[in-house]
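J.: One structure, pasted below without further comment.
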Amino acid sequence: MKRIAINLFIVFHLAIIVCWAVPLNTQLFVIARPVISPYMQWSGLAQGWNLFAPNPLSLNSRTEAEITYRDGQTGIWKFPRPQDFGYIKRYTMEREHKFSFDSLQNDKFAIVRPDAARYIARLNNTKKDDPPVTVTLVGYRSQIAPPGSGLPEPWKRKVLLTYSVVAGDLQ
């Protein structure tokens with residue numbers, strides 16, 4: 001029975017990954033994608049073709065947290081960015097990078113922002129008598145200039161959430 005369940009699980013995943021990832025717009029795939037989308041998003045298996053032609057991504061983005069400590073000092077915590085790491089490390093941290101711009105900066109997923117702020121507060125609770133009291137999540141976006149244009153790519157700043165940390169968040 002256990003073997004049958006495992007095999008069904010594998011077949012199920014292979015079928016939904018094919019329906020999701022294959023860039024065909026047959027009637028079956030068009031009907032299936034909205035049905036399986038919540039599961040694909042929840043499981044982290046969702047993939048898009050927006051890195052490729054004909055309409056590749058046209059935005060750079062990054063997410064940071066501005067942390068205010070009890071004594072009034074501030075600090076910046078940055079989500080990992082691929083360009084800050086070597087080739088091997090880039091692949092192992094891509095999920096966090098993707099979460100920072102696909103989820104945190106997407107208003108459809110605003111519900112995860114307080115959890116992210118609490119996590120960042122715990123990570124930065126390194127001084128016993130000076131804990132974080134506020135975490136402000138900030139998204140930055142910049143339109144990618146056309147190749148060879150020489151145009152600057154100014155960053156637009158958007159406050160995503162200002163979270164007041166309570167003692168229970170730091171445990």
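The values are calculated or read from the model by the stated rules, or taken from the named source; none is laboratory data. Owing to the predicted nature of the structure, the values given are computational and were not obtained by experimental measurement. Quick reminder, even Gly has a Cβ in these numbers, built from the backbone with ideal geometry, and neighbours come from all protein chains shown.
J.: Looking at region 17-43, I want the residues that are more than 23 Å from Asn55 (Cα to Cα) and not assigned by TED's automatic domain parsing to the domain that holds Asp102 and have a partner that is among the β-branched types (Val, Ile, Thr) and surrounded by 14 or more Cβ atoms within 10 Å (Cβ to Cβ) with Cβ atoms under 6 Å, at least 6 apart or on another chain. Which pairs are those?
T.: Filtered contacts from region 17-43: Ile36/Ile16.
One line per residue, one yes/no per condition, for (1) under 12 Å from the mean Cα position of the chain (by Cα); (2) loosely packed, with under 14 Cβ neighbours inside 10 Å:
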| position | (1), (2) |
| --- | --- |
| Ile36 | no, no |
| Gln41 | yes, no |
| Arg62 | yes, no |
| Thr74 | no, yes |
| Arg90 | no, no |
| Glu96 | yes, yes |
| Ser103 | yes, no |
| Lys108 | no, yes |
| Pro114 | no, no |
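J.: Which of (1) over 28 Å from Glu96 (Cβ atoms); (2) surrounded by 11 or more Cβ atoms within 10 Å (Cβ to Cβ); (3) of a type in the set (A, V, I, L, M, F, W, C); (4) at pLDDT below 85 does Ala15 not meet, given it meets every other one?
T.: The single condition Ala15 does not satisfy is (4).
J.: Select from region 116-140 the residues that are over 12 Å from Val165 (Cα atoms) and surrounded by 15 or more Cβ atoms within 10 Å (Cβ to Cβ) and list them in ascending order.
T.: Across region 116-140, the qualifying residues are Leu137, Val138, Gly139, Tyr140.
J.: Write out, first by first residue and then by second, each pair whose Cβ atoms fall under 9 Å of each other, whose residues are 6+ apart or on separate chains, and whose first residue, in region 60-89, is farther than 26 Å from Val133 by Cα while the second is in a helix (DSSP H, G or I) and aliphatic (A, V, I, L, M).
T.: Here the result reads Pro82/Met93; Phe85/Met93, each pair linking region 60-89 to a residue that is in a helix (DSSP H, G or I) and aliphatic (A, V, I, L, M).
J.: Also, I was wondering about something else. Does Lys78 meet the test of being closer than 29 Å to Val166 by Cα, more than 20 Å from the chain's Cα centre (by Cα) and at pLDDT below 95?
T.: no
J.: Residue by residue through region 121-171, note down the ones that are of a type in the set (S, T, N, Q) and closer than 29 Å to Pro56 by Cβ.
T.: Ser142, Gln143, Ser149
J.: Restricted to region 82-124, and to residues that are over 25 Å from Gln171 (Cα atoms) and touching a strand residue (DSSP E or B) at 6+ places or on another chain (Cβ under 6 Å), which residue is modelled with the lowest pLDDT?
T.: Applying the first criterion (over 25 Å from Gln171 (Cα atoms)) to region 82-124 yields 82-92, 94, 98, 101-102, 105-108.
The next check asks that each one be touching a strand residue (DSSP E or B) at 6+ places or on another chain (Cβ under 6 Å); those that pass are 101, 105.
Numbers: Phe101: 74, Gln105: 90.
Ranking the candidates gives Phe101 first.
J.: Find the residue count for region 124-158, including only residues that are assigned to a loop (DSSP other than H, G, I, E, B) and under 17 Å from Gly75 (Cα atoms).
T.: Number satisfying all stated conditions: 8.
J.: Next question, about the same structure. Just to be sure I understand, how many residues within region 98-111 are out of contact with any helix residue (DSSP H, G or I) (no Cβ under 6 Å at 6 or more places or on another chain) and assigned to a helix (DSSP H, G or I)?
T.: Here the count works out to 9.
J.: Does Ser61 fit the bill of being in a strand (DSSP E or B) and of a type in the set (Gly, Ala, Ser)?
T.: Numbers: in a strand (DSSP E or B): yes; of a type in the set (Gly, Ala, Ser): yes.
Yes; evaluated as a whole, the condition is true for this residue.
J.: Additional query: How many of the residues making up region 159-171 are in a strand (DSSP E or B), more than 17 Å from the chain's Cα centre (by Cα) and surrounded by 17 or more Cβ atoms within 10 Å (Cβ to Cβ)?
T.: So the first thing to find is which residues in region 159-171 are in a strand (DSSP E or B), and the list is 159-164.
Those still in the list that are more than 17 Å from the chain's Cα centre (by Cα) too: 162-164.
Narrowing further to those that are surrounded by 17 or more Cβ atoms within 10 Å (Cβ to Cβ): 163.
So the count comes out to 1.
J.: A further question follows. Among Ser43, Ser37, Ser61, which is the only one that is in contact with a Lys or Arg (Cβ under 8 Å, 6 or more places away or on another chain) and of a type in the set (Gly, Ala, Ser)? Steps first, please.
T.: Details: Ser43 fails: in contact with a Lys or Arg (Cβ under 8 Å, 6 or more places away or on another chain); Ser37 fails: in contact with a Lys or Arg (Cβ under 8 Å, 6 or more places away or on another chain).
Of Ser43, Ser37, Ser61, the one residue that is in contact with a Lys or Arg (Cβ under 8 Å, 6 or more places away or on another chain) and of a type in the set (Gly, Ala, Ser) is Ser61.
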